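Engineer: Dumping the structure here so I can ask a few things about it.
Please treat every number below as a calculation from the coordinates, not as lab data. Source: prediction; values computed, not measured. Glycine gets a Cβ as well: all are built from the backbone with ideal geometry, and neighbour counts include every protein chain shown.
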Amino acid sequence: MKAFRGKIISLKMQKTAVVQVQRTTVHPLYKKVLRRRKKYKVDTGDLTLSLGDTVKIVETRPISKDKNFKIEKIIK
């Protein structure tokens, strides 16, 4: 089961938030550290959230066409 830590960047949908997860990788040839970002639509349930919150998200069964994650806990 996948689990990520990310930042809430949008709360414009009902019961859905957009979380941006940032990870770092090293380029295989040039050895430069690269920052990669990906956005996930997550189910919020009945949680009270605000923009900029750091949350932990975990993979679940498909909730809708785009939602496969839910918020496990609010970190900050």
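Engineer: Would you order VAL58, VAL33 from fewest to most other beta-carbon atoms within 10 Å of each residue's own beta-carbon? All intermediate terms of the calculation are to be shown ahead of the outcome.
Structural biologist: Numbers: VAL58 14, VAL33 8.
Listed from fewest to most nearby Cβ atoms, that is VAL33, VAL58.
Engineer: Residue by residue, what Karplus-based ³J(HN,Hα) values in Hz, rounded to whole numbers, does the stretch 15-30 have, using 6.51, -1.76 and 1.60 with θ = phi - 60° and x for Gly and Pro?
Structural biologist: Per residue, the Karplus-derived 3J(HN,Hα) values read 6, 9, 10, 9, 10, 9, 10, 10, 9, 10, 9, 10, 5, x, 9, 8 Hz.
Engineer: Still on this structure, please answer the following. Cross-link list LYS12/LYS76; LYS38/LYS70; LYS15/LYS65; LYS32/LYS76; LYS7/LYS56: which exceed 18 angstrom alpha carbon to alpha carbon?
Structural biologist: Numbers: LYS12/LYS76 20 Å; LYS38/LYS70 16 Å; LYS15/LYS65 14 Å; LYS32/LYS76 30 Å; LYS7/LYS56 9 Å.
Beyond 18 Å between Cα atoms: LYS12/LYS76; LYS32/LYS76.
Engineer: In addition: Fewest first, what order do SER10, SER50 take by the number of other Cβ atoms within 10 Å? Could you put the intermediate results ahead of the total?
Structural biologist: Numbers: SER10 13, SER50 8.
The order, fewest Cβ neighbours first, is SER50, SER10.
Engineer: Take MET1, MET13 and order them by how many other Cβ atoms sit within 10 Å, fewest up front. Present the calculation step by step, with values, prior to reporting the outcome.
Structural biologist: Working: MET1 5, MET13 11.
Arranged by neighbour count, lowest to highest, MET1, MET13 become MET1, MET13.
Engineer: Could I ask something else about it? Identify, among TYR30, SER10, VAL58, the residue whose Cα sits farthest towards the positive end of the charge dipole of the stretch 3-74, taking +1 on the Cβ of Lys and Arg and -1 on the Cβ of Asp and Glu, with the dipole about the Cα centre.
Structural biologist: Going by the charge dipole, the pick is TYR30.
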